[in-house]
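Here the structure is laid out as structure tokens; the discussion comes afterwards.
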Amino acid sequence: KAYEDLKAAKEEEIAAGQAQIQTKTGELADTDEKNAQSKVDREDTKASLSADEQFLMMLKEKCQMTDKEWEERQKTRQLEMEAVSKALAVLSGDDTHDLFTRTFNPALLQSNSREHSERRDKASRVLSQVATKLHSPRLSALAYQVKLDAFTRVKKAIDDMIAQLLKEKADEIKHKDFCVDEFNTNQLQTEKKEREKQDLIAKIEDLEMTIKALTEAIDTLKAEIAEMQVQLKRAGEDREKENKEFQTTVADQRETQKLLKAALSVLADFYKKSEAASLVQKQEPVGPPPPAGFETYNKNAASGGVMSMIEQIISDAKAMEAEAIRSEEDAQKAYEDFVKETNASIEAKSKDIVEKSEQRAKAEEELVETKESKEAVMLELEQLSNYNAQLHQSCDFVLKNFDLRQTARDEEVEALKQAKAILSGAKFEEFLQSA
């Protein structure tokens, strides 16, 4: 019975071990598949990152070329404006005006008052036309001011407005460059943080699966240890019961042997004495014969068989005692081996639980850190998104209308220069326009 229980316990343990092997094999297959997929995703991400980096390099080169070309165009435009301003300054002098008046228009000399009035009207019309076209309140106000204020004050107002427009133009260019750079930087940082977020999400999922697998393995090991402890307790109880039965069996057999030996000894002594008495009675006494008495007592014919049977029973009792002792020794050895193997298995499983618990603790700690990193990345993405929204509020209008606003501002500056030239010269409009 002890052997059968031990065999059943070992078969259950083997079945549990095989089930655990199958479970671990399945988990290993899932992990290998996930690892392979992660490697593929990693290669795809590397390829995407490489393509993005190449595109970024190409974009930077293109932007550098565009910025360089833009600077050259701005520099050329600035030089052109400076040249025109210098030319206007030369042509706006009183001596030059008198010279041109005598050279090109000597027949139509008029009074200074009428000439100034015509200049005012022409300059005002030029400014009014451009103001209407561009919907510029500043030019409209200046066009009205040209009709009323003195030449010197009007020219100064025109110069001030030109300087203001040029400053606005430079500021708008600077703001546009700032917007382009910030949008590019924001996009690159957002893409980088998005990749970090995806990596952290994948890592969190992997850690959660690892923690779940370790927890299940630890629970399985604890259940197996509890089951082995129950089997160990049952085996101890069975061994104690078998030992009591053994002690009783041996005691009964020995007592039986003792009683049978005593009976055999009594019978043997009796039959020996009977044989001796019969020998004595056979001797004839001297003298007259005695009277007739009892016949000679003969030994029971079955006495030999009874004694042989008693001896056989004693021999069988000894054999049963020896068999019981051998069985007890075998059962005790099997029990000791079972206890030793079970304790070794419990110790190994307990050690495995400790190792898996440490792995789970590290995974849980890493999971907390990864979740914190994810929250930090999410916060950075939110900040980048908010900053992107601020950039759109600040830059969308400028970027969308940049060329239009630059063209309109250039037209305003050109109109102001024409107005100033009209105020400074006589019939020099065509010359200024061609210039």
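The values are calculated or read from the model by the stated rules, or taken from the named source; none is laboratory data. On a predicted model such as this, the values are computed, not experimentally measured, just so you know. Here Cβ is always computed from backbone atoms with ideal geometry, including for glycine, and neighbour counts include all displayed protein chains. Side chains are part of the model used for accessible areas, which takes the heavy atoms of the whole protein and leaves out ligands, DNA and RNA. Shrake-Rupley method; radii C 1.70, N 1.55, O 1.52, S 1.80 Å.
Quick look at the values:
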| quantity | calculated |
| --- | --- |
| The stretch 169-202 residues near the modelled K34 label - backbone nitrogen below 19 Å, point 7 Å along Cα→Cβ | 197-202 |
| In nm, spacing of pseudo-spin labels at I204 and A251 (7 Å Cα→C-beta vector) | 7.2 nm |
| Potential lengthening between L267 and K356 on full extension [0.36 nm per residue; Cα-Cα distance subtracted] | 24.5 nm |
| Spherically averaged projected area of the stretch 172-219 from its Cα convex hull (nm²) | 3.2 nm² |
| Spread of Cα-to-Cα distances over 5 Å intervals beginning at zero, given as percent, for the stretch 170-265 | 2, 10, 6, 7, 5, 6, 6, 5, 6, 4, 5, 4, 4, 4, 4, 3, 3, 3, 2, 2, 2, 2, 1, 1, 1, 1, 0, 0 |
| Solvent-accessible surface (1.4 angstrom probe) belonging to M309, in square angstrom, nearest 10 | 110 Å² |
| Cβ-Cβ FRET estimate between E182 and T220, R0 fixed at 35 Å, reported to 0.05 | 0.05 |
| Calculated Rg and Dmax of the stretch 7-56 using C-alpha coordinates, Å | 21.3, 71 |
| Whole-percent carbon and sulfur share, accessible surface of the stretch 331-377, 1.4 Å | 49 percent |
| Binned Cα-Cα distance frequencies in the stretch 308-427 - 5 Å width, integer % | 2, 8, 5, 6, 5, 5, 5, 5, 4, 4, 4, 4, 4, 4, 3, 3, 3, 3, 3, 3, 2, 2, 2, 2, 2, 1, 1, 1, 1, 1, 1, 0, 0, 0 |
| By accessible area with a 1.4 Å probe, ligands and nucleic acids excluded, highest first: order of F183, F270, F338 | F270, F183, F338 |
| Over 29 Å (Cα to Cα) - which of K24/K203; K340/K362; K39/K60; K46/K68 fall in this group | K340/K362; K39/K60; K46/K68 |
